[in-house]
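The values are calculated or read from the model by the stated rules, or taken from the named source; none is laboratory data. Everything numeric here is computed off the predicted structure, so don't read it as measured data. Cβ sites come from the backbone with ideal geometry, for glycine too, and all protein chains shown count toward neighbours.
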Amino acid sequence: MCSHYQTLKERDRYWRHFGVEPPLEPGKGDMWPGYLGTFIRRHPHADVEDEAVPEREALPGLFGLVPHWSLDTKITRHTYNARSETVASKPSFREAWKHAQHCIIPAEAFYEPDWRSGRAVPTRIARADGEPMGIAGLWSSWRSPKDETVHSFTMLTINADAHPLMGLFHKPTDEKRMVVVLPDDRYDDWLNASPEHKHSFLRPYPAPALQAMPASGVHATLSP
């Protein structure tokens, strides 16, 4: 499961790749559950057919979904990833999934532990072509006790037992998981996906299109 990822720090790079201006407070470079980052969603007024209204908008939000019924934001420690197999039924995520509150989470890379040496080696996983990642997620809004609207988001994950790269991470006895990295040309398709079509997006990103590098700076091999 992905609890640590790296955001885009350059506003121009954010705009060039995702076609939307980042919020004034884009968040921290290294993201952990409960941190303030950014997500991209379909603009709520995109259907008005006004050229002044963009198709997408970027908002600040907490990493970890805060459902409307939550008493506080501490739940983000447990809701930063949504399993595709249970997202439709789990109380924390089912409303966002039911109402197709899809989002894209901009990232430079995400991190997973490589246990092949017998100890956890933090490993940075990025696109091999150096381009940013658009990770499929869900967003939600929550009213705080101070009557403030707080946005939040979670990353969707899928099984990766058979993935040539992502199958190398986590402990040998653990199920292998990976976040859903969207193809660049499917961003708007994901944001607009209907309930009957959204499962088609939950597919593994090709291993040759990813690059893994331990924190030491030495490239990870693809062999178990």
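Pairing each residue of the range 7-20 that is modelled with pLDDT under 95 with any residue that is assigned to a helix (DSSP H, G or I), provided the two are 6+ apart or on different chains, yields C-beta distances under 7 Å for 8/14. Within the range 116-139, being over 22 Å from residue 92 (Cα atoms), in contact (Cβ under 8 Å) with a residue 40 or more places away in the chain and out of contact with any Phe, Trp or Tyr (no Cβ under 7 Å at 6 or more places or on another chain) holds for 116, 121, 126, 127, 128, 129, 131, 132, 133. On the stretch given as the range 141-161, residues that are more than 21 Å from the chain's Cα centre (by Cα) and farther than 20 Å from residue 79 by Cβ total 2. Could you list all residues from the range 175-224 that are assigned to a loop (DSSP other than H, G, I, E, B), at pLDDT below 90 and not polar (S, T, N, Q)? Those that are assigned to a loop (DSSP other than H, G, I, E, B), at pLDDT below 90 and not polar (S, T, N, Q): 195, 196, 197, 215, 217, 218, 219, 220, 222, 224. Scanning the range 155-164 for residues that are in contact with a Phe, Trp or Tyr (Cβ under 9 Å, 6 or more places away or on another chain) and more than 17 Å from residue 4 (Cα to Cα) yields 160, 163. One residue stands out among those in the range 145-174 that are assigned to a loop (DSSP other than H, G, I, E, B) and surrounded by 17 or more Cβ atoms within 10 Å (Cβ to Cβ): the one that is modelled with the lowest pLDDT, which is 170. Can you confirm whether residue 142 is under 24 Å from residue 60 (Cβ atoms), hydrophobic (A, V, I, L, M, F, W, C), out of contact with any Phe, Trp or Tyr (no Cβ under 6 Å at 6 or more places or on another chain) and assigned to a strand (DSSP E or B)? For residue 142, the condition - under 24 Å from residue 60 (Cβ atoms), hydrophobic (A, V, I, L, M, F, W, C), out of contact with any Phe, Trp or Tyr (no Cβ under 6 Å at 6 or more places or on another chain) and assigned to a strand (DSSP E or B) - is met. Considering only the range 193-215, I want to know if a residue exists there that is surrounded by 14 or more Cβ atoms within 10 Å (Cβ to Cβ) and of a type in the set (S, T, N, Q). Taking every residue of the range 193-215 in turn, at least one turns out to be surrounded by 14 or more Cβ atoms within 10 Å (Cβ to Cβ) and of a type in the set (S, T, N, Q).
Against the definition (modelled with pLDDT of 95 or more and either crowded, with 22+ Cβ neighbours inside 10 Å or aliphatic (A, V, I, L, M) (or both)), how does residue 141 come out, yes or no? No. Among the residues of this structure, residue 32 does not count as one that is out of contact with any Leu (no Cβ under 9 Å at 6 or more places or on another chain), loosely packed, with under 14 Cβ neighbours inside 10 Å and at pLDDT 95 or above. Taken over the range 51-93, residues that are in contact (Cβ under 8 Å) with a residue 24 or more places away in the chain and β-branched (Val, Ile, Thr) amount to 5.
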